[in-house]
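What follows is a short report on a single structure.
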Amino acid sequence: MRLRDFIIRRILLAIPVVFGVLTITWFLSHMVGDPVVMYINTNTPASAIPGIIRSHGLDQPPHIQYFIYLNNLFHGDWGESTSMSFRPVTEVIAQRFPATIELALVAMVFAVLLGIPLGIISATRKDQMIDHFTRIFSLAGVSMPIFWFAIMLKYVLYYQLAIMGLPHLPGGYRYDSNRFYWFQYTTGFILIDSLVYAHSIPLFVDALTHLVMPGFCLGYLTMAIITRMMRSSMLEVLREDYITLARAKGLSEKVVIYRHALRNALIPTVTVIGLAFGGLMTGAVLTETIFQWHGLGQWAVSAILSADLAAINGFTLLVALIFVTANLIVDLVYGTLDPRIRFG
Amino acid sequence: MSEMGPLVKVRGLKKHFPLTGGVFRKVVGRVHAVDGVDLDIYPGETLGVVGESGCGKTTLGRTILRLLDPTEGTIEFDGKDITHLGHRELRHIRRQMQIVFQDPMASLDPRVTIKNSVGEPLVVHGIARGPKMREMVLELLRKVGLNEDHLNRFPHEFSGGQRQRICIARALALNPKFIVMDEPTSSTDVSVQAQTLNLMKDLQDELGLTYMFISHDLSVVKHMSDRVAVMYLGKIVELTPHDIFRTTLHPYTFALVSAVPIPDPRFAGKATILKGEVPSPVNPPKGCRFHPRCIFAQEVCSEEEPPLRDMGDGHLVACHFAGALDFGKSVQQEYAEAAENGAAM
Amino acid sequence: MTEEYHLRSDEIPIDPSTVGQFRVLWFLELVVSIMLTILGGILFVGDVTYSIIERLGYPVVPPDWIIGKFAIGFAIAVLGLIAVRIAAALENYEMWTFSALLYVNLISAGSLILTELSTGLYAAVFVLVPVVLLFLPGVKSYWWETFVEDMVPRLREFRYSMHLVRKSPLVVVGIVIIVAFVILALLAPWVAPYGPEERIWADTNLPPGSPSNVPGNPVHYWGTDNSGGDVFSRILYGAQVDLRVAITVVIVAIVIGTFLGAVSGYYGGKLDELLMRVTDVFFAFPGLILAMAIVMALGSRSLENISVALMVTWWPTYARLVRGQVLLEREKLYVEAARSVGASDARILIYHIIPNTIQPIIVQATMDTGAVLLVAAGLSFIGFGPPAGIAEWGLMIAKGQEYFSISPWAVFFPGFAILLVSLALNLVGDGIRDILDPKLRRR
C-alpha cells in the first residue's frame, strides 16, 4: 500500500470515529439531564420555554433531535454554558483553550527534555545504579496520583517556603493579577502576549514562574511514559545486528548510540509523545483544578459538578476531536518516519 | 502399485491467494500458489515433491488436506470427493489424513504437555480420554522412541529431533492412511535428520502408510520417495518413478539436479547454476512457465503451455521437447559414475 | 471409511458400586447450578432494572442488598450456566467435568462470598458440598490420577516462575506491599484503632503520633483530620473500598474485553471491523473525562457508578489487546496443527489460543489495577465519588486539602497509600512481564 492510500484510508477511518464520538456525547447529554437547559437561563421567562423547545426541535422524536443536534454543532451552535453566566460554549472554549494548550505544551517540554535523556542513560547503563533509580523514578510517575502530587508540590514549594520567608513559586493562577492589574489577553497565550503585546519582561517572568509547578506536575506522567518507552526501544535497538556491526567497526560508543541507535529508537518514542498529548488533556482536568488554572479542565469539572450540559458536551467533544486528530497525525508521522511500515 | 486405485486423486487443483491494496482494500491481484495440478498418490507409496521455495509445494500439501480451501479443481480421497466437504465430514475424514509440519516447535502448543498434545486427536474424536488416553499416548511415544518420562513435559524441554518425533506421534494417533510430511527435517541438523527419516520409513513399513514427502532437498527426497514430483511456479513439471539424479527429461529438473553441490574438490565450480529469479507467482509467464529461464526455449514455449505427457512407464513430463533434448551429463551423474568406478576420493 | 481402526471409541468402564455416589454428586451439582443461575440472575437483573426505572424518573427505593450487585450477579449467573453444562456432562461421566467442577465451584463460592450477603455465605457453603463429594473414594478414582498428573508439570513451571520472581528484588518488594495492603484491608476491623466514620471531635487536626485527648482512646498513629477522623484507621478501611473498586473494574473489563476481542480476532470479518471502530470511539475519549460524563449520566455520584463508568471506559483496552494477541496466535502453526487433527473452533480458541494470550493480559491487568485505582481516586477527589464522610482515599485527600496548611498529614498519608499500592502493582506488572516472557525463559 502506498503512502497516499494509507493517508486517505486513515482519514476515512477517522470519520466513523468522529460520528461515534458525536453520538455518544449526544446520548450522554440526554441522560445527564433535560437538553432544554442548554438554551435557557434565569432571565428566560417561563412563557418563552415552549417556544425554545420548539425552535430547537426538542419536541421532535429522538432521531430528528439527533440530526438537529448535529446540524447545530456544524453551524457552531454548541449551546450556552450555564456555569459561565450563559456565555456560548464556543466562546468559552475559545477563551480557555490557550490556557490549557500553554500548560500542556510546557508540560510536554518538561517531559521530552527530561524523559529522552533519562531513557537513553537508563538503557545504556542497564542494571547499574542509575538505571534502577530511573526505573523507579519513572514507575513512580506512572503510579502517581497527580492531584496528590500537585498538592504536595504546592505545600512544599509554595506554602512552606513562603512561611519561611524564602523565595517561593506561586501556588496558583496564570499570573499575579495584583501586580499586573493592567494586563489584557490578546492571543490568550500569556507567554506570547506578555512579550509581543504587553512588552513586559517582568510579566513574562512572572507567568513563567506560574507555569513551573503545574507544568512539571502535569508533565511528570508523560515524562515517565517517555522515559520507559525510550529505555525499552533503545534496549531493543542496541540488540540489533547493525549496532553490533557498528561496534565491530570500531566506532566509539558515543557515535554508535547517538548516530545509529538513537535515530531508530526515537521512532516509537515520537508516537508515544503524540499519543501522550491526549493524556495531558486528562491530567489537565486535575492539575488545573488544584492550581486554579483558568483552562478547559477546570471549566469541565465545574461544569460537570453543576450539570452544565452544553459545557460537558462541548468539552468532551473538543477533547475527543483533539484525540482523534493527534492519533491521526501520529499514524501519519509514524508512517513517514519508519520506512519498514507497510501500511497494513 | 498401480494395480490398486489411487488413495489420493487430485485433478486441476488451483489455489490462489488474493492480494489486496488501495484505499478500500480491493483485490488487486492473485498469487497463483498452486495453479492446475493433477496428481495420483497410490496406497503405500511415498510421493516426493520438490521445488524451490515459493513454488507452491507446501500450499499443495495443505490444500490436499483441505487445511486451505481450493480455488478450483477436485480432490478425491479413497474414492470420495472431499473438495466441498463441510466441517463435520471434514473432521471425520481428517482421521485418515494427517500432516507433519516443517517447524516442530511452532506446531506444538507451548503450554500443553506432550501427553495432551499427542492425545488431543484422541480426545477430539472421542476415542479415548483420561487414563486410557495416557496409555495410548505412551504407546505412540514408544513407537517414535520416546518414553514415559517424556509424557508430562512441555515442548520447550525437548530437542528439535525429539519434537519432530512428537509431531509424528501426534500424526499417527488417529491411525491415518495418508500423511503429508511438509519439510519435516529442514529445521533439524543432519545427524538427527537421518534418524528421523529412517524412523518415518520404518513406520511406513510397519503401518502401511502413504506419504507425501515435501522437501527442497533433492537427496532427501530421493532417499525417501518411490516417485518424485517436481514443482515449478504452482505446476508439476515432471513426475518420475526413476532416480531423479540419473534420468531427467525436463530442463528445470536437470537444472535443479545440477545445482546440488558435490563433496569433491575435483568437481568444484562445475555445477550449473540456474540463471535469473523465479518469476512472480502473481503474474506467471505465458506459455511454459519455465521458458524465461530455459536455455532450450523456443518460440512455441512462450506461446503454448506444455501438457503433462506420459513418456512411458509412468514418467510424466511437461515440456514440448521432452526426450528430444540433450542435456549432456550432469556433474552429479559424472560424480556418481566416478564413485561407482571406484575412482572417487 | 470401510477400514478397520485399531483405535476404537470406547466408554470409560463404570464401576457399578460407584453409581450411587455419582448420582448424588450429579443431583447436587444440578441443584447448585440452578441455584447459582437464579441467584446471580436476581442480583444482575434486579440491580439493572432498578437503575433503569430510577433513570426513567420513577421514585423507587431499591433494597439495600441489591445495589451495585450487577457485576457480581452477572458473574454468578454465568458461572451457574457453566455449572449447568457441567452437571449435564457429569451424567455421561465425561472426563473434563471433574476438574471443571472443582474450579467452577470454588470460583462460585468465592464470588458468593464477595456479594457480602448472608444468603451468599450460606450458598457458598452449599456450593462447596459437591467439591467435597468429588473426593468420595468411588468418584475420586475417576479423575484424581489424571488431575494430579496434569498438575505436576504446571506446578513445576510455577515453581520455576517463583524462582525467577525471587531473583528480582523489585517484584518481591511489590508483592510484599500488595499482600500487606490486602491483608490490612481485610483485617481492618481488628487492626484499625478507630472506626471508618468515627469522629473524635476533641481530636481535630492532631499531628501523627499524638495521644487522643479523650482518655483511654488509642494513639492516632498518623494524626487526625479536621473533623477528628483517625487518618490511619480511615486509610485501612479506605483500602477495602479502593482495592475492591480497582479489582472489580479490571476483572469485569477483562471478561468483557477478552470475550469480544477473542471472538472478533478469531473470526475476523465484519464483526471485527465493527468492534474495532467501536473501540476507536472509546479510545477517542480520554478515560477520566468519559468516566466523569458517564457518572453524571448514571444520575448519582457514588463509588458504584464510578465502577460502572470505569468498566465502560476500560474494556476496549482488553478487547484490543486480546484481539491483537489472538490474531498473532491464530497464525501460529500449532493452531493449524490442532485444526488438522479435527479440533473444533471453540476448542482451539478456549484450549489453545486464550491460554497463550493470557500472559500479556495478566501483565496489563496488574498495571491497570494501579491505573484504575488512580483514576477512581481522582474521580472521587473532584467530587464524583461517595458522599463526604466515607473512608475513601481520593475523598480523604479532597477533604484534607481544604485544611492542608493545618493538617498536611491528612493529605499526605492517603495519597502516599495510593502511590504505594499503585507503584507496587506497576513494579509487579513490569517485573512479571520479563519473567513470563517465553523468549527469556529457559530454552
Inset, instruction - Give the relative contact order (percent, whole number) for chain C; include only Cα pairs under 8 Å separated by 6+ residues. - result: 15
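For segment A:178-264, how big is the tail of P(r) above 21 Å, as a whole percent of Cα pairs?
Cα-Cα pairs in segment A:178-264 separated by more than 21 Å: 57 percent.
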Legend entry - Longest segment of chain A lacking chymotrypsin sites (Phe, Trp or Tyr not before Pro) that sit in a DSSP loop with at most 11 other Cβ atoms within 10 Å: A:1-180
Legend entry - Area hidden from solvent between C and B (accessible, protein heavy atoms only, 1.4 Å, total, Å²): 3900
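For segment B:131-246, how big is the tail of P(r) above 25 Å, as a whole percent of Cα pairs?
On the way: 1890 of 6670 pairs.
Tail of P(r) above 25 Å: 28 percent of Cα pairs.
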Inset, instruction - Using a Förster distance of 56 angstrom, determine the FRET efficiency expected from the C-beta separation of B:ARG88 and A:LEU262, and round it to 0.05. - result: 0.45
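Report, in deg cm²/dmol and to the nearest 500, the calculated mean residue ellipticity at 222 nm for chain A, where each DSSP H run with n ≥ 4 adds -39500 (n - 2.57) and the sum is divided by the residue count. Numbers along the way, then the final one.
Numbers: 11 runs with 223 residues, N = 344.
So the calculated ellipticity at 222 nm is -22500 deg cm²/dmol.
Can you tell me the equivalent ellipsoid semi-axes for the protein assembly as shown? Use √(5λ) from the Cα gyration tensor, largest first, whole Å. Display every interim value, and only then the final one.
Values: eigenvalues 809, 295, 178 Å².
Values for the protein assembly as shown, descending: 64, 38, 30 Å.
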Legend entry - Dipole of the protein assembly as shown, positive direction: furthest Cα of C:GLY195, A:ILE101, B:GLN333, with charges on the beta-carbon: A:ILE101
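Carbon and sulfur: what percent of segment A:114-263's accessible surface (1.4 Å probe)? Provide the component values of the computation, followed by the final result.
Values: 4960 of 7760 Å².
The nonpolar share, carbon plus sulfur, comes to 64 percent.
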Inset, instruction - Report ³J(HN,Hα) in whole Hz for each residue of segment C:219-226, in order, from the Karplus equation J = 6.51 cos²θ - 1.76 cosθ + 1.60 where θ = phi - 60°; Gly and Pro get x. - result: 5, 8, 4, 10, x, 10, 8, 5
Inset, instruction - Averaged over every viewing direction, what's the projected area of the C-alpha convex hull for segment C:3-150? Give it in nm², one decimal, please. - result: 12.2
Inset, instruction - Please give the per residue accessible area of segment C:170-441, computed with a probe of 1.4 Å over protein heavy atoms only, in Å². - result: 37
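Over its Cα atoms, what ratio of radius of gyration to 2.2 N^0.38 Å does segment A:172-222 give?
Details: Rg = 11.5 Å, N = 51, 2.2 N^0.38 = 9.8 Å.
Compactness ratio reported: 1.17.
Let me spell out the model: positive unit charges on the Cβ of Lys and Arg, negative unit charges on the Cβ of Asp and Glu, origin at the Cα centre of chain A. What dipole size does that give, in debye rounded to 20?
Numbers: 23 positive and 20 negative charges, 270 e Å.
Once rounded to the nearest 20, the dipole reads 1300 debye.
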Inset, instruction - Keeping all protein chains in position, work out how much accessible area A:SER252 exposes to a 1.4 Å probe, and write it in Å² to the nearest 10. - result: 60
Inset, instruction - Find, among the GluC sites (Glu not before Pro) in segment B:15-90, those assigned to loop by DSSP (not H, G, I, E, B) with at most 13 other beta-carbon atoms within 10 angstrom. - result: none
Legend entry - Accessible surface of C:ARG156 - all protein chains present, 1.4 Å probe, nearest 10 Å²: 80
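Over chain A, with the other protein chains present, what is the accessible area per residue in square angstrom, probe 1.4 angstrom? Mind showing how you got there, number by number?
Details: 16180 Å² over 344 residues.
It amounts to 47 Å² per residue over chain A.
Leaving ligands, DNA and RNA out of it, rank B:ASP310, C:ASP272 by accessible area with a 1.4 Å probe, largest first.
Details: B:ASP310 95, C:ASP272 20 Å².
Ranked from most to least accessible, the order is B:ASP310, C:ASP272.
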Inset, instruction - Quick one: Debye curve from the alpha-carbon atoms of chain B only, equal weights, vacuum; give me log10 I(q)/I(0) at q = 0.11, 0.14, 0.15, 0.16 Å⁻¹ to two decimals. - result: -0.80, -1.20, -1.32, -1.43
Legend entry - Contact surface C-A: accessible area buried, both sides summed, square angstrom, 1.4 angstrom probe: 4000
Inset, instruction - Summarise the accessible area of segment A:3-88 (1.4 Å probe, protein heavy atoms) by the percent that is carbon and sulfur. - result: 67
Inset, instruction - Loop sites only, by DSSP: take the chymotrypsin sites (Phe, Trp or Tyr not before Pro) in chain C that have at most 16 other C-beta atoms within 10 Å and name the longest stretch containing none of them. - result: C:222-402
Legend entry - Efficiency of FRET from Cβ geometry, B:HIS223 and B:GLU72, R₀ 25 Å, rounded to 0.05: 0.15
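Show me the three semi-axes of the equivalent ellipsoid for segment C:72-170, from the C-alpha gyration tensor (sqrt of 5 times each eigenvalue), largest first, rounded to whole Å. Walk me through the numbers on the way to the answer.
Working: eigenvalues 147, 99, 28 Å².
Sorted largest first and rounded, they come to 27, 22, 12 Å.
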Inset, instruction - Could you tell me the convex hull volume per residue, in Å³, taken over the Cα atoms of segment A:89-337? - result: 162
Legend entry - Loop-located trypsin sites (Lys or Arg not before Pro) in segment B:210-259 whose Cβ has at most 16 other Cβ within 10 Å (DSSP): B:ARG246
Inset, instruction - Obtain the nm distance between the two label points defined at A:PHE27 and A:THR244 by a simple spin-label model: each point lies 7 Å from its Cα along the Cα-to-C-beta direction. - result: 5.2
Legend entry - Area accessible to solvent at C:ARG433, 1.4 Å probe radius, in Å²: 110
Legend entry - Cα centroid of segment B:76-151 to Cα centroid of segment C:356-384, whole Å: 42
Legend entry - Scattering curve values for segment C:170-441, log₁₀ I(q)/I(0), Debye with Cα scatterers, q = 0.13 Å⁻¹: -0.89
Legend entry - Rough spin-label spacing in nm, given labels placed 7 Å along Cα→Cβ, for C:ALA388 and B:ASN147: 7.7
Inset, instruction - With label points built 7 Å along Cα→Cβ from the Cα atoms of A:TYR197 and A:ALA162, find their separation and express it in nm. - result: 2.8
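What helices does chain A have that are whole DSSP H segments, at least 15 Å long along their own axis by Cα, and with mean Kyte-Doolittle hydropathy of -0.5 or more? Present the calculation step by step, with values, prior to reporting the outcome.
Numbers: long enough: A:3-32 (43 Å, 1.50); A:62-74 (18 Å, 0.33); A:89-124 (49 Å, 1.64); A:129-143 (21 Å, 0.83); A:201-238 (47 Å, 1.20); A:262-290 (39 Å, 1.28); A:309-337 (41 Å, 1.90).
The answer, listed by residue number, is A:3-32, A:62-74, A:89-124, A:129-143, A:201-238, A:262-290, A:309-337.
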Legend entry - Positions from segment C:94-131 whose accessible area shrinks by 30 Å² or more when the full protein complex is built, not the chain alone, probe 1.4 Å: C:MET95
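Counting only other chains, and only Cβ atoms inside 10 Å, what mean value do you get across the residues of C:142-150?
Details: counts 2, 2, 0, 3, 6, 1, 0, 6, 4.
Counting other chains' Cβ atoms within 10 Å and averaging over C:142-150 gives 3.
Let me confirm one metric for peptide A:287-296, namely the mean number of other chain beta-carbon atoms within 10 Å of its residues' beta-carbons. Before the final figure, lay out each step's value.
Working: counts 0, 0, 4, 3, 0, 0, 0, 0, 0, 0.
For this peptide, the per-residue mean of nearby foreign Cβ atoms is 1.
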Inset, instruction - Determine the per residue accessible area of chain B with all protein chains present and a 1.4 angstrom probe, expressed in square angstrom. - result: 42
Legend entry - Carbon/sulfur fraction of accessible area - chain C, other protein chains in place, 1.4 Å, %: 69
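Going through segment C:310-381, which GluC sites (Glu not before Pro) have at most 14 other Cβ atoms within 10 Å and a DSSP loop state?
On the way: sites: C:GLU329, C:GLU331, C:GLU336; in loops: C:GLU331.
Listed in order of number, the matching sites are C:GLU331.
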Inset, instruction - Mind jotting down the distance between the C-alpha centroids of segment C:275-311 and segment A:114-161, whole Å? - result: 29
Inset, instruction - Could you order C:GLU29, A:GLU80, B:GLU206 by accessible surface area, starting with the largest, using a probe radius of 1.4 Å? - result: B:GLU206, A:GLU80, C:GLU29
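Could you order B:MET231, A:MET31, A:MET152 by accessible surface area, starting with the largest, using a probe radius of 1.4 Å?
Values: B:MET231 0, A:MET31 75, A:MET152 35 Å².
In descending accessible area the options line up as A:MET31, A:MET152, B:MET231.
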Inset, instruction - Using only Cα positions of segment A:3-88, each an equal point scatterer, no hydration layer, compute I(q)/I(0) via Debye at q = 0.15, 0.17, 0.18 Å⁻¹ and quote the log10 values to two decimals. - result: -0.65, -0.78, -0.85
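What size of dipole, in debye to the nearest 20, comes out for the protein assembly as shown about its Cα centre when the only charges are +1 on Lys and Arg C-beta atoms and -1 on Asp and Glu C-beta atoms?
Values: 92 positive and 98 negative charges, 309 e Å.
Computed charge dipole of the protein assembly as shown: roughly 1480 debye.
The values are calculated or read from the model by the stated rules, or taken from the named source; none is laboratory data. For clarity, every value in this text was computed on a predicted model and none was experimentally measured. Using ideal geometry, Cβ is built from the backbone for each residue, glycine included, and neighbour counts are taken over all protein chains shown. Only protein heavy atoms, including side chains, enter the accessible area calculation; ligands, DNA and RNA are left aside. Shrake-Rupley method; radii C 1.70, N 1.55, O 1.52, S 1.80 Å.
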